[in-house]
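Here's the structure, in structure tokens; my notes come after.
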Amino acid sequence: MAHTIKPLVAGNWKMNGTTANLKEPRLLAGMLRDVKLKCDVMVCPPATLIRRVKAVMRGSKIKAGGQDCHAAVSGAHTGDISADMLKDAGATAVIVGHSERRTNHKETDAMVAAKALAAHKVGLTAIICIGETLDERKGGKTLEVLTSQIKGSIPAGCTAANTVVAYEPVWAIGTGLTPTVAEITEAHAHIRKELSGVMGAEGASTRILYGGSVKPTNAAELMAVANVNGALVGGASLKAVDFIGIIKAYI
């Protein structure tokens with residue numbers, strides 16, 4: 001069944017981007033205008049740019065997403081952004097539980113699950129991130145950590161339509177280090193098995209993205225791995241020429 005899953009290549013700009021960077025999604029939209037894609041493409045800029053990124057990509061099939069949301073619908077949460085606000089700005093999805101949020105903001109699995117639920121309630125797809133640290137990898141705990149994060153971070157009601165899981169080994173994010181194909185194969189097979197346990201039949205068709213130092217030079221090899229249904233791309237998504245180099249794995 002996995003071969004019928006339409007892949008997704010999503011770019012996470014992180015805390016980068018101002019008006020000057022709008023030329024990149026505009027360029028990307030132009031480069032993909034007449035291309036028959038075998039994947040979905042998404043750009044996740046800072047919340048301040050979502051509406052304008054949508055505007056410069058108008059007419060293209062590229063979607064826009066957010067990078068985080070609060071679990072509450074509204075309220076006294078200065079500086080936070082709700083899922084409904086992201087949707088109002090034009091987002092169709094939101095990343096939750098990225099390792100940088102888990103580390104820098106001490107987000108727990110329960111908090112991530114609450115955010116995913118908040119996204120679902122307003123009709124956004126939740127891109128739920130999971131992944132082990134270097135110490136956990138060295139300690140042989142990778143699969144144990146993934147099982148724990150899946151069981152704790154994926155709320156009830158998740159379907160293949162409203163949920164994407166992104167496996168990002170923490171030690172590979174922005175470091176230039178990439179797990180071996182064998183390691184990625186093992187991790188994604190394990191995630192698929194656990195998703196089927198948590199989500200039932202929906203787990204078999206839920207997209208599992210790989211993230212962690214994905215570049216144009218290694219994208220084709222990584223995207224060909226079993227149960228890898230696309231990529232969550234960091235730094236390489238900031239420049240249209242680099243991002244399209246990764247998207248080309250599906251052209």
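Numerical summary
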| item | result |
| --- | --- |
| Residue-span extension gain [ARG51 to MET31] - 0.36 nm each, minus C-alpha spacing | 5.2 nm |
| Gaussian network model of the chain, Cα within-10 Å springs - most flexible of ALA182, ALA236, ALA91 | ALA182 |
| Under 11 Å, Cβ to Cβ, from ALA89 - net charge with Lys/Arg +1 and Asp/Glu -1 | +2 |
| Rounded D (µm²/s) - the chain, Kirkwood Rh over Cα pairs, Stokes-Einstein at 37 °C, 0.692 mPa s | 183 |
| Local electrostatic count, GLN149, Cβ distance below 12 Å [Lys/Arg +1, Asp/Glu -1] | -4 |
| Loop-resident sites, the stretch 76-110, for trypsin sites (Lys or Arg not before Pro), counting at most 11 other Cβ within 10 Å (DSSP) | LYS106 |
| Distance histogram in 5 Å bins (all Cα pairs of the stretch 26-78, percent per bin) | 4, 17, 25, 19, 13, 9, 7, 4, 2, 0 |
| Summed side-chain charge close to LYS193 - residues other than LYS193 whose Cβ falls under 15 Å, Lys, Arg +1, Asp, Glu -1 | -2 |
| At least 15 Å along the helix axis (C-alpha) and Kyte average at least -0.5, DSSP helices within the chain | 109-121, 142-153, 181-199 |
| Top of PRO179, PRO46, PRO25 by mean-square fluctuation, Gaussian network on the chain, Cα under 10 Å | PRO179 |
| Gap separating the Cα centres of the stretch 41-119 and the stretch 186-226, nearest whole Å | 22 |
| Size-normalised alpha-carbon gyration radius of the stretch 128-251, reference 2.2 N^0.38 Å | 1.02 |
| Segment LYS6-ALA220, length gained on full extension (0.36 nm per residue, minus Cα span) | 75.5 nm |
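Rule-based calculations on the coordinates, nothing more; no lab input. These numbers were taken from a predicted model, which means no experiment stands behind them. Heads up, the Cβs are rebuilt from the backbone with ideal geometry, glycines too, and the neighbour counts pull from every protein chain shown.
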